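Trainee: Have a look at this one before I ask anything.
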């Protein structure tokens with residue numbers, strides 16, 4: 001008896017698709033998944049609306065990536081729909097995310113998750129860990145450390161995501177870009193554990209090329225790379241519609257400058273999280289999140305990854 005495809009159990013179609021088209025799964029291996037989890041947001045909620053909002057704004061974008069010369073329309077992802085969420089039960093919801101990601105990765109596909117709160121990274125990393133093993137590096141772009149042991153009595157919280165990932169992959173397999181908001185205890189724990197990070201001030205001082213060089217040195221120790229983009233890594237001037245905005249952030253040009261030099265065929269998963277449409281202005285945060293996904297696809301295709309045939 002064949003193995004049951006879990007994504008058929010835990011996924012439901014969405015009325016919108018990313019870029020407004022349904023990609024050919026026989027051409028590219030990108031699979032977009034909406035994860036409207038919004039259970040532990042502690043300041044501003046609303047991330048459950050983000051998968052819809054990001055999909056909607058993706059349809060306004062031109063698909064040509066000038067950095068790569070790749071037209072992403074030719075490699076449009078297959079939109080799998082949304083993961084079922086058990087509202088009020090974070091653990092069960094993450095098990096659904098885990099099962100879907102494990103299933104997709106075992107089939108050789110590259111999941112791109114549209115959050116949802118940052119906790120979803122725990123589910124996707126668990127699924128990839130089950131499918132491929134522990135030799136995966138976790139690169140997270142985030143204003144916050146998310147390195148608390150627990151928050152408000154919960155270990156599965158948006159404020160604990162990087163800590164939970166570190167427990168699974170090990171501290172040497174974690175790298176944070178854009179850090180600028182954390183507690184004294186989190187800073188101490190990062191240093192004791194030896195987790196590598198580059199603050200937003202460091203990024204502005206060093207520039208995209210040097211930051212990318214450091215990340216590439218980091219990921220050379222792993223066979224695979226998972227990338228998590230918390231939209232609050234951007235300055236609130238560019239991304240006001242997030243759950244926990246933090247001043248002195250990064251510009252889109254700097255972030256794309258790093259990602260374009262880092263994302264390649266080693267990438268096995270991506271998530272874009274923490275967009276809160278009720279607090280957005282003109283939906284510009286959702287538009288930027290959609291652009292992050294579009295450009296990420298272009299960078300991976302340009303490196304020869306996730307493509308089975310070219311137009």
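Trainee: Rounded to the nearest 0.05, what FRET efficiency do residue 209 and residue 71 have when you use their Cβ-Cβ distance and R0 = 25 Å?
Mentor: 0.45
Trainee: Express in % the proportion of alpha carbon pairs of the range 7-302 at distances exceeding 38 Å.
Mentor: Counting pairs separated by more than 38 Å, the tail of P(r) holds 3 percent.
Trainee: I need the peptides 85-93, 10-18, 237-245, 122-130 ranked by packing, meaning the mean over residues of other C-beta atoms within 10 angstrom, with the highest value on top.
Mentor: Ranking the peptides 85-93, 10-18, 237-245, 122-130 by packing returns 122-130, 237-245, 10-18, 85-93.
Trainee: Here is a further query. Using a 10 Å cut-off on Cβ atoms, rank the peptides 185-192, 32-39, 299-306 from the highest mean neighbour count down.
Mentor: Peptide ranking by packing, descending: 32-39, 299-306, 185-192.
Trainee: Give the Rg/Rh ratio for the range 109-197, taking Rg as the radius of gyration of the Cα atoms and Rh as the Kirkwood radius, to two decimals.
Mentor: My calculation puts Rg/Rh at 0.94.
Trainee: Taking the mean number of other Cβ atoms within 10 Å as a proxy for protection, how do you rank 160-166, 201-207 from highest to lowest?
Mentor: 160-166, 201-207
Computed from the coordinates by the stated procedures, all read-outs in this text should not be read as laboratory data. Quantities reported herein were computed from a predicted structural model and do not represent experimental measurements. Note that we place each Cβ from the backbone using ideal geometry, even for glycine, and neighbour counts take in every protein chain shown.
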